[in-house]
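The structure appears below as structure tokens.
Bear in mind these aren't lab numbers, they're just calculated from the coordinates by the rules spelled out. Since the model is a prediction, treat every value here as computed from it, not as a measurement. Here the Cβ positions follow ideal geometry from the backbone for every residue, glycine too, while neighbour counts run over all protein chains shown.
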Amino acid sequence: MEAIANHQDRAAFAELFAWYAPRVKGYLLRLGADDSLAEELSQDVMVTIWRKADLFDRRQASVGTWVFRIARNRRIDAIRRARKPELDPNDQSLLPPPLESAEDVIDGVDREARVRLAMVDLPDEQKILLKQAFYDGLTHREIAETTGIPLGTVKSRLRLAFQKLRARLPGDDPFL
């Protein structure tokens with residue numbers, strides 16, 4: 001191990017590899033890894049030994065203890081990765097929403113202007129309820145609680161407001 005740490009001695013590493021690689025793979029198999037995962041992890045352990053040989057301290061542990069501790073930690077990492085599902089880059093919930101075309105944006109602005117113009121002639125009691133429902137995002141029950149108006153009255157006033165807006169916006173129903 002000292003030859004690997006101090007001089008990156010390939011012959012010493014080949015000897016260490018020949019001795020520990022099959023034992024590490026067997027250890028990983030006993031820990032429950034399948035054959036391909038055990039092979040992959042044992043290769044990873046051996047690469048780690050090559051790269052981090054200078055971190056080995058004979059006063060803290062024997063070479064075998066250090067090697068098998070690395071193997072155990074790699075197995076734990078593999079289990080943790082397996083518990084976390086891989087993210088699918090094509091998952092629609094992870095993709096940004098599609099950009100609206102300029103035509104759709106202009107249509108939306110035009111539609112909003114027509115609805116606002118149609119709302120001008122509504123009675124204030126209906127206008128206030130529409131604003132709370134659509135601009136503030138309140139439910140009918142929340143509107144009833146904040147205004148002190150009975151729930152049935154809130155619903156009937158909103159229904160009347162919709163009917164008036166539909167009549168003023170023929171062929172362009174903003175609420176469907």
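At a glance:
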{"quantity": "The chain - mean residue ellipticity at 222 nm from DSSP helices (-39,500 (n - 2.57) per run, n ≥ 4, rounded to 500)", "calculated": "-21500 deg cm²/dmol"}
{"quantity": "Fully extended contour minus Cα-Cα distance, from TRP19 to VAL63, at 0.36 nm per residue", "calculated": "14.7 nm"}
{"quantity": "Label of the coordinate-derived value, percent of Cα pairs over 31 Å apart, listed as (1) 56; (2) 33; (3) 22", "calculated": "(1)"}
{"quantity": "Spin-label pair LEU29/GLU100, simplified geometry with 7 Å Cα→Cβ offset, distance in nm", "calculated": "6.2"}
{"quantity": "Spherically averaged projected area of region 59-154 from its Cα convex hull (nm²)", "calculated": "14.7"}
{"quantity": "Fewest-first ranking of ARG83, ARG166, ARG159, using other Cβ atoms within 10 Å as the exposure measure", "calculated": "ARG83, ARG159, ARG166"}
{"quantity": "With 10 Å bins from 0: P(r) over region 102-168, alpha-carbon pairs, percent", "calculated": "21, 47, 25, 7, 0"}
{"quantity": "Kirkwood-based shape ratio for region 2-83, expressed as Rg/Rh from alpha carbons", "calculated": "0.98"}
{"quantity": "Computed E for ASP91/GLN8 - FRET, C-beta separation, R0 41 angstrom, nearest 0.05", "calculated": "0.40"}
{"quantity": "Chymotrypsin sites (Phe, Trp or Tyr not before Pro) within region 109-175, DSSP loop, no more than 14 other Cβ atoms inside 10 Å", "calculated": "PHE175"}
{"quantity": "Excluding exposed DSSP-loop GluC sites (Glu not before Pro) (at most 16 other C-beta within 10 Å), longest clean stretch of the chain", "calculated": "1-85"}
{"quantity": "Gain on full stretching of the segment that runs from GLU145 to GLN163 - 0.36 nm per residue minus C-alpha separation", "calculated": "4.1 nm"}
